[in-house]
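A short write-up of the structure that comes next.
The values are calculated or read from the model by the stated rules, or taken from the named source; none is laboratory data. Treat the numbers as computed from the prediction; the structure is a model and nothing was measured. Quick reminder, even Gly has a Cβ in these numbers, built from the backbone with ideal geometry, and neighbours come from all protein chains shown.
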């Protein structure tokens with residue numbers, strides 16, 4: 001029997017026994033079962049009371065959106081954790097969760113665009129779930145520059161240097177083409193214009209000294 005791996009954001013309740021305070025814990029996971037098993041090491045009764053599926057390339061954005069929803073709704077953080085909140089009224093909180101977990105980050109399909117594409121196993125999947133991630137902005141996917149749907153093309157830039165997961169800059173053996181998101185593209189354009197401006201200023205300064 002094949003295990004189904006679910007990726008997404010989760011919410012569950014637990015009690016801090018020292019203070020008897022009800023705590024809400026939220027987060028993202030690449031594998032629902034593995035993440036829940038990790039929690040069960042400290043408390044075997046933990047289950048995810050609310051879960052919403054997302055593609056891997058949407059997890060960071062979904063988690064940040066979830067945190068913002070709690071903050072905007074007035075929930076106070078539990079101690080210093082950014083993923084735990086104090087629950088004053090469990091009934092109201094569950095009603096609140098039931099509402100927004102259903103509408104959170106809902107996709108809107110554009111008319112006349114077929115997002116379904118065939119996979120190697122002759123199944124179909126939503127092409128938005130498999131778009132390449134942005135090289136420089138976590139949680140963002142590559143900017144689509146052609147008609148969306150099967151065979152769509154993405155914005156890419158040629159780079160000799162890339163950043164690693166640890167934040168260090170790595171020089172590549174050769175220049176490669178990397179995907180860029182809609183939000184990252186203006187930053188790239190600004191940097192290119194800044195480089196041209198710096199070069200122009202340097203040349204003008206050199207010419208003045210040569211006179």
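Structural remarks
- Of all the listed residues (203, 176), the sole one being part of a strand (DSSP E or B), out of contact with any strand residue (DSSP E or B) (no Cβ under 6 Å at 6 or more places or on another chain), at pLDDT 85 or above and surrounded by 10 or more Cβ atoms within 10 Å (Cβ to Cβ) is 176.
- Boolean, residue 48 is out of contact with any strand residue (DSSP E or B) (no Cβ under 7 Å at 6 or more places or on another chain), modelled with pLDDT under 85 and surrounded by 14 or more Cβ atoms within 10 Å (Cβ to Cβ): no
- Per this entry, residue 53 is not counted among residues that are more than 23 Å from residue 99 (Cα to Cα), free of Cβ contacts under 8 Å to residues at least 60 places away in the same chain and surrounded by fewer than 17 Cβ atoms within 10 Å (Cβ to Cβ).
- Wholly within segment 76-127, strands (runs of 3 or more DSSP E) carrying at least 3 residues that are at pLDDT 80 or above: 84-86
- So residue 144, is it modelled with pLDDT of 85 or more and either farther than 23 Å from residue 8 by Cβ or surrounded by 12 or more Cβ atoms within 10 Å (Cβ to Cβ) (or both): yes
- Against the list (1) under 24 Å from residue 63 (Cβ atoms); (2) surrounded by 13 or more Cβ atoms within 10 Å (Cβ to Cβ); (3) in contact with a strand residue (DSSP E or B) (Cβ under 8 Å, 6 or more places away or on another chain), the condition residue 163 fails is (2).
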